[in-house]
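Encoded as structure tokens, the structure appears first; notes follow it.
Where a number appears in this text, it was derived from the coordinates with a stated rule and is not lab data. For clarity, every value in this text was computed on a predicted model and none was experimentally measured. Cβ placement follows ideal geometry from the backbone for every residue including glycine, while neighbour counts extend to all protein chains displayed.
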Amino acid sequence: MKTAIVSIACGVLFGCGSDESVREIQHGEAPGIESTTAELSFREHCDTAAPDATIASGPTGSGGVPGLPNAVSSPTTYDSSGCNKAYLVNVWVAPGPGGDVNAFWNGSSATTPEACETTQLLMYWWDTRPEPPVAMGSSQARGTWDTQASLCVHPRLETHIPGDSVYRFAVSARKLNPTGGYGLRSVSLHVFGTPGGGTVGTGGSTGR
């Protein structure tokens, strides 16, 4: 069986320190958005569970699928039955150079350094063309405090995906608690039908 290499950014979420770790994920196995141990859970179905929303790229945001928007915002609370504490979005990308997918913090603005640095975004994505879907990457980011401007730079994640396919994104916005645990916050996902490359994230990232 073939494998896909996915970089997982560790830290507060998985309790595995500040270093990045790389795991081999078998085709069809989905890295869990949440785990109570240092090991990722492979028992969830983030790649195949029913989506909460569908968006599309393209010159008009339709990607050849009339009526589909190019952005969506989650509610404040979400919890897919197939992917714990995640908001699941299918992303249609029109034929051509592909699209850039951006995840944005959509919760309330943090007004102190302490509150800012405990805002977090997580994002996992799969190409659904193969059967079963192929894990393509994952990333996470934390908010950073701009001391000069005295404001929070909330986390943002971005990746480029090739054209002519449908991708599954599992995203989660979280406000981490100092004593452990977290509360969910709204997250926005946008797709732009423009060339790009690589994966970047404000505050920390991993990718393909």
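Label-to-label distance, Ala50 versus Asn177, with points set 7 angstrom from Cα along the beta-carbon direction: 3.0 nm. Here's the picture: a label point sits 7 Å out from the Cα of Ala115 along the beta-carbon direction, and within region 150-176 the residues with their amide nitrogen under 20 Å of it are 150-156, 173-176.
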